[in-house]
Structure formats: C-alpha cells, structure tokens
Amino acid sequence: MVERKGANPFEVDVKASLEKLKKYLPHWKLLDDLLLDAEAINAISSIIKLQSDWIKNRSSSLYIDPIFIEMKIRMLDPKIIAEAFLDAWHPIISIDQIFPKKLKEAIDYWNNLLPLSDRWKEDFSPSSPIGTFEIDDLIKLKVVSLKDFDEKMKGLLNELMSKLSKSDKIDYWDFVYADTFEETLERAYVVSFILTEGYATLIIDPLEERIFIMPLKEPRKTSSKKIARSLPIALNYEIWKNLREGKG
C-alpha cells in the first residue's frame with residue numbers, strides 16, 4: 001500500500017516487523033515458509049528505502065536561499081524583529097563548581113582592589129565609556145601591572161613570530177592552548193590585547209570553521225572612520241579538555 005499509493009512509509013513499524021520475523025524464524029521447517037520470510041525482508045528493505053527518500057524530499061523542500069532570507073529580514077520593521085527575538089529569548093542559568101584555590105584567588109583579588117570611591121574618580125578614564133575597560137583602566141585599578149603585561153604580550157608576540165615558518169598564519173587554538181586550563185585562559189586573554197593593539201589580526205575560514213592569527217609587519221591602529229568588529233571566542237574547561245584530548 002505504501003509503495004502503490006505513496007502513503008507515509010513511517011507508518012510501517014519496521015522494528016516490530018523484524019522482531020516478529022526473528023521470533024518465528026526458528027520454528028519454520030518448510031522451504032515455503034522461509035521463502036515467505038525472505039519476501040517479507042525484501043519488502044521491509046523497500047520500506048526503509050522509501051523512508052530515506054521521504055526524508056530527502058521533505059528536507060529539500062524546506063531549503064530557502066539565504067539571500068532571500070536576508071532580504072526579507074532587512075525589509076522587516078525593527079520593532080517586529082525585536083519582538084521576535086524577545087519571544088525567543090530564554091536565558092540560561094548555570095552554576096560551576098568553585099574550588100578552594102580559585103576561591104582564595106578571588107578573595108585576594110577582591111582584597112587588593114582600590115576602594116570604590118578611588119576607582120571612579122573623574123580622571124579615571126574619561127575617554128572610555130562606562131562598562132568598557134581598556135588595558136590602561138585595568139592597570140589603574142591595579143588588576144595588572146603594566147610591566148608584567150607588556151612582557152607577557154611581547155613574549156607571546158615573539159612566540160607567534162617564531163612559529164610562523166612555512167605559513168603566514170597559525171591556528172588560533174593551536175597557539176593559545178597550554179598544558180593547564182589557567183595558562184590557556186591567560187594566553188587567550190593576552191592574545192585579545194595583541195589583536196586589539198593592532199599587532200595581529202584574525203582570519204576566519206567559515207567553511208572549515210577555523211580561526212587563524214596572522215601577525216602584521218607594522219602595528220595597525222584602528223581608524224576612527226573604520227568600524228571595528230568584535231569576535232567573541234568561547235573558552236571554558238570543557239573546550240580546553242577537548243583541545244587537550246586532540247593534542248593527545
């Protein structure tokens with residue numbers, strides 16, 4: 001009926017049919033019974049093929065040209081887009097474990113901070129909007145030392161240059177990966193400033209889903225006329241573990 005009338009092939013319970021054949025197979029003595037079973041298996045194979053074809057046909061009919069979607073979005077009222085995002089917004093809350101070592105580091109960091117009144121003086125960072133921190137701001141807050149940070153940045157930049165032999169770029173994850181999660185985080189953090197300061201740039205390969213770092217011969221300062229793009233790159237313990245297993 002499925003083959004002749006084009007009914008939904010998923011209405012046939014393939015698993016149940018095969019289990020029934022398996023159950024009764026040991027009881028058959030006559031060749032005719034075995035031939036009927038072979039006929040049934042052949043019919044089930046046809047059903048599985050029809051199921052595969054059914055999925056392919058349905059999936060191809062759902063395809064829409066990305067350019068058409070982009071044009072449609074551009075033509076929509078911004079208010080409608082905002083309402084659609086609001087309806088689809090489902091915040092996710094997660095809790096990670098805090099180990100004694102990390103808790104101590106957090107307490108030490110908190111205790112070493114300047115009083116709140118000293119952190120938000122008028123001369124703190126007039127050029128930066130509230131909520132945006134540059135390296136100068138972190139230094140003024142005594143979160144990092146200018147000398148230490150400069151040395152780390154120069155060290156990583158030299159390491160980057162030394163690793164470029166045959167190619168003019170290096171895989172981002174290959175470069176920031178280190179033997180410990182903490183060191184990997186630190187390298188990724190310092191690399192973000194190397195990129196921001198214009199000593200290197202990122203190259204994205206969307207087909208292979210890879211990110212490369214390419215150092216620049218001369219530091220490039222962001223012009224006020226150009227629009228700088230920000231690229232968030234997620235890095236957590238699970239990602240680091242996957243990187244470690246890949247290296248292993």
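The values are calculated or read from the model by the stated rules, or taken from the named source; none is laboratory data. All values reported here derive from a predicted model rather than from experimental measurement. We place every Cβ from the backbone using ideal geometry, glycine too, and count neighbours over all the protein chains shown.
Structure data summary
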read-out: Selection status of SER167, hydroxyl-bearing (Ser, Thr, Tyr) and either in a helix (DSSP H, G or I) or under 17 Å from the mean Cα position of the chain (by Cα) (or both); value: no
read-out: Which listed residue is loosely packed, with under 10 Cβ neighbours inside 10 Å and at pLDDT below 70, from GLU134, GLU122; value: GLU122
read-out: Residue match in the range 91-101 (condition: among the acidic types (Asp, Glu) and modelled with pLDDT under 65); value: yes
read-out: The range 1-16 - residue that is of a type outside the set (A, V, I, L, M, F, W, C) and surrounded by 10 or more Cβ atoms within 10 Å (Cβ to Cβ) and, of those, modelled with the highest pLDDT; value: ASP13
read-out: Cβ pairs under 9 Å, 6+ apart, first in the range 83-106 and closer than 30 Å to GLU182 by Cα, second at pLDDT below 75; value: ALA106/ILE98
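Results for (1) basic (Lys, Arg); (2) out of contact with any Asp or Glu (no Cβ under 6 Å at 6 or more places or on another chain); (3) in a helix (DSSP H, G or I), shown as yes or no for each residue.
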site: LYS29; (1), (2), (3): yes, yes, no
site: ILE41; (1), (2), (3): no, yes, yes
site: SER52; (1), (2), (3): no, yes, yes
site: ILE55; (1), (2), (3): no, yes, yes
site: ILE67; (1), (2), (3): no, yes, yes
site: GLU70; (1), (2), (3): no, yes, yes
site: ARG74; (1), (2), (3): yes, yes, yes
site: ILE80; (1), (2), (3): no, yes, yes
